[in-house]
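The values are calculated or read from the model by the stated rules, or taken from the named source; none is laboratory data. None of these values were measured; they are calculated from a predicted model. Cβ sites come from the backbone with ideal geometry, for glycine too, and all protein chains shown count toward neighbours. Please note that ligands, DNA and RNA were not included when accessible areas were found on the heavy atoms of the full protein model with its side chains. Shrake-Rupley method; radii C 1.70, N 1.55, O 1.52, S 1.80 Å.
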Amino acid sequence: MSPAPEDGISSVTFAPSTDVLLAASWDSKLRLYDTSTSTLVHTFAHEAPVLDGCFTDNTHGVGVGLDSRVQLYDFNRPNHVTLLGQHDAGIRCAEYSRDASVVLTGGWDKVVNGWDTRAPGAAVASMRLPGKCFSMSMGENRLVVGTSERRILCFDTRMLKALDPSKPEDSNTPPTFDRESFLRFQTRAVRCSPDGESFAVSSIEGRVAVDYFDSDAEGKKYAFKCHRMANTVFPVNCIAFHPFYGTFATGGCDGFVAIWDGKNKKRLCQLPSFPTSIAALCFNHDGTKLAVAASYTFEEGEKDAPQDQIYVKAVHDSEVKPKARSLVQGE
């Protein structure tokens, strides 16, 4: 995409049913690209680095970041910005629940808040977390949240509770589960599968786990090693599920994107290496495109790094369609 963000890329997100892409960046800007022409459509300025963005529909989106503000944009009126609300600390994640019609934002204040786009101001729901929010993912009526201290929580968005300042304990939305990740190191990303049965978790230690919502499926969960070269282990920064096949892509600090068949426990392919770390991934609505943010994530500290860039790759069935069963390397 041109022009590219001028600092680290924190997220890329496709619109619900078009090939328009939102990119959040540490240069304090949220950018809207048309991937069919590889051109920049609009740039939206924040007061601090932007850490995430999401669409509410094809023409409206939300940006969040270190300014702690939840800002709603009308892409048909680029100068029209609505402040939905604010956290007490930086906001790491934003998701939109179409069933509940609320924007959900997770922050470093250890809270997920729900916001009604039709009534800006006070949050309409709140979910307290055991640690800072690192990653979130919507799947049907479930919101999965990965936090510090390796906690994984799930909330039912049909059960969101409206806030009552006079009774804060009673108005907190409880999780349907609060688990410790069975990956032994810090969580980097969580993503829900499109079939609503499972979710994937990645860590800084070159592993991905596939877990299940149903407690009766405890024996089906597993973890595998990935994004490793010889004796070097790389963080797995991001996960993206294909919307139809349920296979998923992972991006690591090794500069590679791999695509996996989680049900058959098989790696389908690995894309040619990118110039630097893979910071974010997203499939478009029909799974024919994959956005790849190549952006150094400072896993080796300050050093010279290639220019940040967003690549949009055409996806072929041979790369993402499940094949015959074969085990990947396990624990």
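With respect to the conditions (1) surrounded by fewer than 19 Cβ atoms within 10 Å (Cβ to Cβ); (2) of a type in the set (Phe, Trp, Tyr); (3) modelled with pLDDT of 95 or more, PHE283 lacks only one, and its number is (1).
For every residue, the table says whether it meets (1) modelled with pLDDT under 95; (2) buried (at least 21 other Cβ atoms within 10 Å of the Cβ); (3) assigned to a strand (DSSP E or B).
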site	(1), (2), (3)
MET127	yes, yes, yes
PRO130	no, no, no
SER135	no, yes, yes
MET138	no, no, yes
VAL144	no, yes, yes
LYS161	yes, no, no
SER166	yes, no, no
ASN172	yes, no, no
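Hey, can you tell me all the residues within segment 60-108 that are touching a Ser or Thr at 6+ places or on another chain (Cβ under 9 Å), polar (S, T, N, Q) and open to solvent by 40 Å² or more (accessible area, probe 1.4 Å)? Selection gives ASN76, GLN86, SER101. Taken over segment 228-251, the residue count meeting the criterion of being among the aliphatic types (A, V, I, L, M) and open to solvent by 10 Å² or more (accessible area, probe 1.4 Å) is 3.
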